[in-house]
Amino acid sequence: MGTVLAAAALLVITMAIIVGVWATGWMGARQRAQLAADTAALAAVSARIEGLDPCAAASRLATRNGAALVSCDVLGDARDIVATVSVRADLTPQVPRAPRSLTARASAGTSQ
């Protein structure tokens, strides 16, 4: 009976460690996605102020941050920009049917 309890306790501890590692990886991917969205939106506004293509600047910076620009919306009188990016989440261990990418959105503008 003691061996069975020890095996069950070891299984519970192992599962807790695996879930903790997976959750930490997920949070890291989420932070990378938000950082990429924030910097892409800021780069777009900066480019717009300089008279350059804001969405091209957002795309370049998103790529440098390991993300893909999903959308770039220039709002109002071209003063506000909303950038949406996607980041691939390579989590270990692989969880069936878990999302493989995360999307984040950020806005920046000269009127803010």
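The values are calculated or read from the model by the stated rules, or taken from the named source; none is laboratory data. Fair warning: this is a prediction, and the values are worked out from it, not measured in the lab. Note: ideal-geometry Cβ built from the backbone for every residue, glycine included; neighbour counts use all protein chains shown.
Tabulated data
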| item | result |
| --- | --- |
| Some residue of segment 51-67 being part of a strand (DSSP E or B) and touching a strand residue (DSSP E or B) at 6+ places or on another chain (Cβ under 9 Å) | yes |
| Condition check for Ala104: surrounded by 17 or more Cβ atoms within 10 Å (Cβ to Cβ), among the small types (Gly, Ala, Ser) and touching an Asp or Glu at 6+ places or on another chain (Cβ under 9 Å) | yes |
| Matching residues in segment 67-107 - criterion: being charged (D, E, K, R) and either in contact with a Cys (Cβ under 6 Å, 6 or more places away or on another chain) or modelled with pLDDT of 90 or more (or both) | Asp73, Arg105 |
| Top-ranked residue in segment 42-89 [being without any contact (Cβ under 8 Å) to a residue 12 or more places away in the chain and under 30 Å from Trp22 (Cα atoms); ranked as surrounded by the fewest Cβ atoms within 10 Å (Cβ to Cβ)] | Arg64 |
| Selection status of Asp38, surrounded by 13 or more Cβ atoms within 10 Å (Cβ to Cβ), under 18 Å from Gly109 (Cα atoms) and touching a Gly at 6+ places or on another chain (Cβ under 6 Å) | no |
| Residue within segment 91-100 that is buried (at least 16 other Cβ atoms within 10 Å of the Cβ), in contact (Cβ under 8 Å) with a residue 40 or more places away in the chain and outside any strand (DSSP E or B) present | yes |
